[in-house]
Amino acid sequence: MKSTLPLEIYISDLAAIGFFLFFPAALFLVIAVILLIAKQKKAAKVLFIIASCLFIIAIGACGFGA
């Protein structure tokens, strides 16, 4: 019997949402670093907090935490 590779990889809906949350988190992280370089520490701190929350939610939704 020949082994075959699946052509489709099924990702559950919750995991797909988790993967889509990585992009905004990375975007907020980059913007926060730019603001930190521009000496706007309060705005950078807020974006770091938002980015970290999004990363935590994305990792939990993708199933990496379990």
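Residues of the stretch 34-52 being in a helix (DSSP H, G or I) and not hydrophobic (A, V, I, L, M, F, W, C), which ones?
Hits for the stretch 34-52 are 41, 42, 45, 52.
Among the residues of the stretch 5-18, is there at least one that is touching a helix residue (DSSP H, G or I) at 6+ places or on another chain (Cβ under 8 Å), open to solvent by less than 60 Å² (accessible area, probe 1.4 Å), modelled with pLDDT of 70 or more and of a type in the set (A, V, I, L, M)?
So far as the stretch 5-18 goes, no, none of its residues is touching a helix residue (DSSP H, G or I) at 6+ places or on another chain (Cβ under 8 Å), open to solvent by less than 60 Å² (accessible area, probe 1.4 Å), modelled with pLDDT of 70 or more and of a type in the set (A, V, I, L, M).
The values are calculated or read from the model by the stated rules, or taken from the named source; none is laboratory data. Just so we're clear, the structure is a prediction, and the values are computed from it rather than from any experiment. Reconstructed Cβ throughout: ideal geometry from the backbone, glycine too, with neighbour counts over all protein chains shown. These accessible areas exclude ligands, DNA and RNA; they are computed on the full protein's heavy atoms, side chains included. Shrake-Rupley method; radii C 1.70, N 1.55, O 1.52, S 1.80 Å.
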